[in-house]
Amino acid sequence: MQQRSSLKARLIASPYVAWSALFIVAPMFFVVYYAFTDAAGAFTLANIKALSNYTEIFVRSITFGLIATVICLLIAYPFAYILSQSGANVQRTMILLIMLPMWMNFLIRTYSWMALLQDTGLINAILGKLGIGPFHMINTGGAVILGMIYNFLPYMILPIYSILTKLDRSLIEAAEDLGSNRFNVIKKVVIPLSMPGVVSGITMVFVPSVSTFYISQKLGGGAFDLIGDTIERQFQQAYNYNLGASLSLVLMVLILVCMAVMHRFTDNDEGGGMVI
Amino acid sequence: MKKTLCFVCILSMLFVTLASCSSEPAKKLYVYNWGEYISDGEDGSFDVNAEFEKKYGIEVVYDTYDNNEAMYAKLKGGGVNYDIVIPSDYMIERMISEDMLEKIDFSNIPNYSNISEKYLNQPYDPNNEYSVPYNVGMVGLIYNTKYVSPAPTSWEALWDANYSGKTLMFANPRDAFAIAQSILGIDYNTTAEADWNAAAEKLKAQKSIKPSYVNDEVFNKMESGEAYLAPYYAGDFLSMVSVNPDLAFVYPSEGVNYFVDAACILKGSKNKESAVLYINFLLEEETALANAEYICYASPNTKVINNTEYTYYQNEILYPTQDKQPKTQIFTNLPQPSLDLMNSLWDSVKSE
C-alpha cells in the first residue's frame with residue numbers, strides 16, 4: 001500500500017521534475033558552461049577575468065536595488081498593517097487596486113513613466129501651469145529607482161499583508177492584557193511574527209530590482225546601465241554568450257550571497273526558528 | 001461508452017488535420033525585416049505582403065527586428081527558418097563570410113534592371129551574387145531650430161554643453177563610434193586598437209553633457225521637443241519633420257555613414273522560388289514606390305527615383321545633388337578582435 005501510493009506520488013510529481021530539469025537545471029548548466037568557455041568552446045577563465053571591468057556596474061545595480069528595496073519596505077509595511085486592520089470591503093478594494101496595474105504589461109507601464117517624467121511631460125506641464133518648475137526628473141538615477149519601486153511595490157505589500165491578516169489576534173490581545181502599550185505590541189509581537197512575509201517581500205523586490213534591464217534604459221536614458229542591461233547587450237548586440245553567461249553567473253552568486261546574509265540577519269533578530 | 005466514442009472522434013479529427021497538412025502543403029514564405037520597414041496598408045497605402053499573397057497565392061509570414069546584431073543573434077541562435085532577411089551592408093558581408101546566405105538566382109528577377117547602377121558592385125557583395133538593394137541612406141544630425149542656434153554643421157554639436165541633457169545618442173556601438181570617428185578623422189573600419197581607444201575616449205567625454213542613449217524613442221523625443229539634437233537616419237527625419245516642423249537636418253561636415261539595406265536569401269531556405277518571386281515583387285515599380293513613400297528612405301530603384309509623381313522626387317536630403325553630397329563612408333565587416341574590442345569599449349563608455 002505504502003509503495004503504491006509513493007509510486008503514485010512520484011508519477012504525479014514527474015511532470016514537475018521534468019519541467020524543473022528542462023527549464024531550471026539545464027539552463028543553469030548552460031550558463032556555467034558558457035561562462036567558462038570561449039567562442040570556440042575551449043575552457044577559459046578570460047570571461048571571469050573580464051568581470052573586473054564591470055565592478056562599477058555591479059556596485060550601481062546593487063546600490064539601486066538596495067535603495068529600492070528599503071523604500072518599498074518603508075512604504076509597504078505600514079500600508080499592509082493598516083490594510084490588515086481595515087474592514088473586509090476596504091481590504092478587498094485596496095488589494096484589487098494594488099493588483100490592477102499588474103494586469104497591464106510592465107514594459108508599457110514603464111514606458112508611460114517616461115511620458116510622465118519628461119521635461120515636456122505631464123507632471124512638468126501641470127507644475128508649469130501652477131507656476132512651479134520645471135524639474136528635471138527623467139534620465140536620472142532617481143527616476144530609475146522610482147521605476148523599480150513603482151513596478152515592484154506590490155510584491156512587497158502582498159506577502160506582508162497576507163501574513164499580517166493571518167496573525168493570531170489572541171497573541172496581540174494577550175500582550176495588551178499583560179500591559180504592553182500599542183507601540184510595544186507592534187515592536188515585540190507584530191513585527192517579529194511578520195518577519196517571514198518581510199523576508200519574502202524583500203526577496204521578491206530585491207532580486208528583480210538588481211537584475212532588471214528595461215527600467216534603466218527607458219527612465220535612465222541609457223546613461224545608468226545596470227547589470228541586466230549589460231547582460232542583455234552581450235546576447236543581443238555583442239553576440240558574446242560567454243561574457244553574458246559569466247556576468248549572469250556572478251549576478252546569481254551575488255544575489256544568493258545577499259539573500260543568505262539577509263536570512264542570517266532575520267534569524268538572529270528573531271532568535272531562530274523562522275520558517276521560509 | 002460515451003467517453004470512448006468521444007475519444008475516437010477527437011483522435012480521428014486529429015488524423016484528418018494531420019493528413020491534410022501533409023498532403024497539401026500551403027505555400028509559405030518567411031520574411032524577416034526591420035520594424036516599420038515595409039508599406040503595410042496603413043492609411044490606405046499599398047499593403048505589400050497582402051498584395052504579394054493575392055498575386056502569387058503564397059502566404060507571407062512576417063517578423064521584424066530592430067538592429068542587425070539582434071537579427072544575427074537570432075539567426076545564429078537557431079530554431080528559426082526564415083527565407084528572406086534584409087540586413088545592412090557590413091552584416092551582409094559578415095553573413096556571406098560565414099556562409100549564411102544563398103546565391104540568388106537572378107534569371108527569375110527581371111526587375112533587377114530597375115536597380116540604379118550606382119548601388120551595384122558594392123564592397124560587401126562585389127559581384128552582386130547575394131543581395132538586392134532595398135533601401136539606401138545616410139546618417140545626419142537632426143536638431144530643433146527653436147532651441148539650437150546657430151545651426152550646427154559639425155558633429156561637435158552633440159558635445160555642446162549648452163544642450164546638456166537635451167542631446168540624444170545612438171544606443172548601438174557601431175553608429176555611436178562612427179560619430180566619434182568622424183570627428184577624429186578615423187576610418188570607420190579601422191582595426192588599429194589605438195583608433196578605437198581614442199574614439200571611446202571621445203564618447204566618454206560626451207557623458208559630461210548627459211546624453212540619452214536611445215533607439216526608436218528618438219521619434220517621440222524629437223517630435224515632442226523633449227530633446228533638441230539627435231543623430232539619426234535622413235529618411236526618418238522626413239517622417240519626424242512632418243510631425244514637428246521646427247526640426248531641421250544637416251549632414252555634418254566631418255562626414256557621415258552611408259548604408260545599403262539589401263534583401264538576401266538565407267542558406268537552407270526551403271522556399272527559394274517563392275523568395276525570388278518576392279524579391280522581384282519588391283522591385284516592381286508599384287511596390288517600390290509604395291515602400292519609398294511609406295518608409296521615407298532613399299530608394300535604389302530607378303523607377304522610383306525618376307518618377308515625378310514621387311513625393312520625394314529630387315528631395316535634397318534623400319538625393320543630394322553632386323555639389324551638396326556629404327563625405328560618406330560605408331561600414332565593412334570588422335574582424336572579430338576589433339568587434340570584441342569595440343563591444344567592450346562600448347560597455348566601458350556605458351558604465352561610466
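Just a few scattered comments:
Okay, residues lined up against (1) assigned to a helix (DSSP H, G or I); (2) farther than 29 Å from A:S112 by Cβ; (3) hydroxyl-bearing (S, T, Y):
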position: A:A175; (1), (2), (3): yes, yes, no
position: A:K188; (1), (2), (3): yes, yes, no
position: A:S194; (1), (2), (3): yes, yes, yes
position: A:S200; (1), (2), (3): yes, no, yes
position: A:V210; (1), (2), (3): yes, no, no
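- Taken together, the criteria exclude A:G147 from residues that are open to solvent by less than 40 Å² (accessible area, probe 1.4 Å) and touching a strand residue (DSSP E or B) at 6+ places or on another chain (Cβ under 9 Å).
- Matching residues, the range B:199-231, being in contact with an Asp or Glu (Cβ under 9 Å, 6 or more places away or on another chain), within 15 Å of B:W155 (Cβ to Cβ) and buried (at least 19 other Cβ atoms within 10 Å of the Cβ): B:L229, B:P231
- Whichever residue in the range B:248-265 is of a type in the set (A, V, I, L, M, F, W, C) and open to solvent by 10 Å² or more (accessible area, probe 1.4 Å) and, among such residues, is farthest from B:N220 (Cα to Cα): B:F259
- Note on the range B:48-63: among residues that are over 19 Å from the mean Cα position of the chain (by Cα) and more than 16 Å from B:E273 (Cα to Cα), the one that is surrounded by the most Cβ atoms within 10 Å (Cβ to Cβ) is B:E51.
- The one condition from (1) more than 14 Å from chain A (Cβ to nearest Cβ); (2) buried (at least 20 other Cβ atoms within 10 Å of the Cβ) that B:T308 does not meet is (2).
- Any hit, the range A:177-188, residues being open to solvent by 30 Å² or more (accessible area, probe 1.4 Å) and small (G, A, S): yes
- Counted residues, the range B:325-342 - those being touching a residue at least 40 places away in the same chain (Cβ under 8 Å), outside any loop (DSSP other than H, G, I, E, B) and either away from chain A (no Cβ under 13 Å) or open to solvent by 20 Å² or more (accessible area, probe 1.4 Å) (or both): 4
- Meets criteria (of a type in the set (D, E) and more than 25 Å from B:Y37 (Cα to Cα)) for B:E352: yes
- In the set B:A198, B:A227, only one residue is in contact with a helix residue (DSSP H, G or I) (Cβ under 7 Å, 6 or more places away or on another chain) and without any contact (Cβ under 8 Å) to a residue 24 or more places away in the chain; that residue is B:A198.
- Restricting attention to the range A:106-138, the residues being surrounded by 13 or more Cβ atoms within 10 Å (Cβ to Cβ), of a type in the set (D, E, K, R) and part of a helix (DSSP H, G or I) number 1.
- Some residue of the range B:24-35 being among the hydrophobic types (A, V, I, L, M, F, W, C) and modelled with pLDDT under 85: yes
To keep it simple, each residue is scored yes or no on (1) assigned to a helix (DSSP H, G or I); (2) within 14 Å of another protein chain (Cβ to nearest Cβ); (3) modelled with pLDDT of 95 or more.
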residue: B:N280; (1), (2), (3): yes, no, yes
residue: B:A288; (1), (2), (3): yes, no, yes
residue: B:E316; (1), (2), (3): no, no, no
residue: B:D323; (1), (2), (3): yes, no, no
residue: B:S344; (1), (2), (3): yes, yes, no
residue: B:K350; (1), (2), (3): yes, yes, no
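- Subset of the range A:189-211 that is open to solvent by 10 Å² or more (accessible area, probe 1.4 Å) and hydroxyl-bearing (S, T, Y) - its residue that is farthest from A:P78 (Cα to Cα): A:S211
- The listed residue being open to solvent by 30 Å² or more (accessible area, probe 1.4 Å), within 14 Å of chain A (Cβ to nearest Cβ) and touching a residue at least 12 places away in the same chain (Cβ under 8 Å), out of B:D66, B:D99: B:D66
- Which listed residue, of A:A68, A:A35, A:A39, is over 20 Å from A:T212 (Cβ atoms), surrounded by 10 or more Cβ atoms within 10 Å (Cβ to Cβ) and modelled with pLDDT of 90 or more: A:A35
- Residues satisfying the stated conditions in the range B:107-121, i.e. without any contact (Cβ under 8 Å) to a residue 12 or more places away in the chain and not in a loop (DSSP other than H, G, I, E, B): B:S107, B:S113, B:E117
- Residue, farthest from the chain's Cα centre (by Cα), within the range B:112-148, restricted to residues that are open to solvent by less than 30 Å² (accessible area, probe 1.4 Å) and more than 26 Å from B:Q322 (Cα to Cα): B:V148
- Checking A:V90 against (1) over 30 Å from A:F213 (Cβ atoms); (2) surrounded by 17 or more Cβ atoms within 10 Å (Cβ to Cβ), the condition it does not meet: (2)
The values are calculated or read from the model by the stated rules, or taken from the named source; none is laboratory data. No experiment lies behind these values; they were computed from the predicted model shown. No Cβ is skipped: glycine too gets one built from the backbone with ideal geometry, and neighbour counts run over all protein chains shown. Accessible surface is based on the protein model in full, side chains and every heavy atom, while ligands, DNA and RNA are left aside. Shrake-Rupley method; radii C 1.70, N 1.55, O 1.52, S 1.80 Å.
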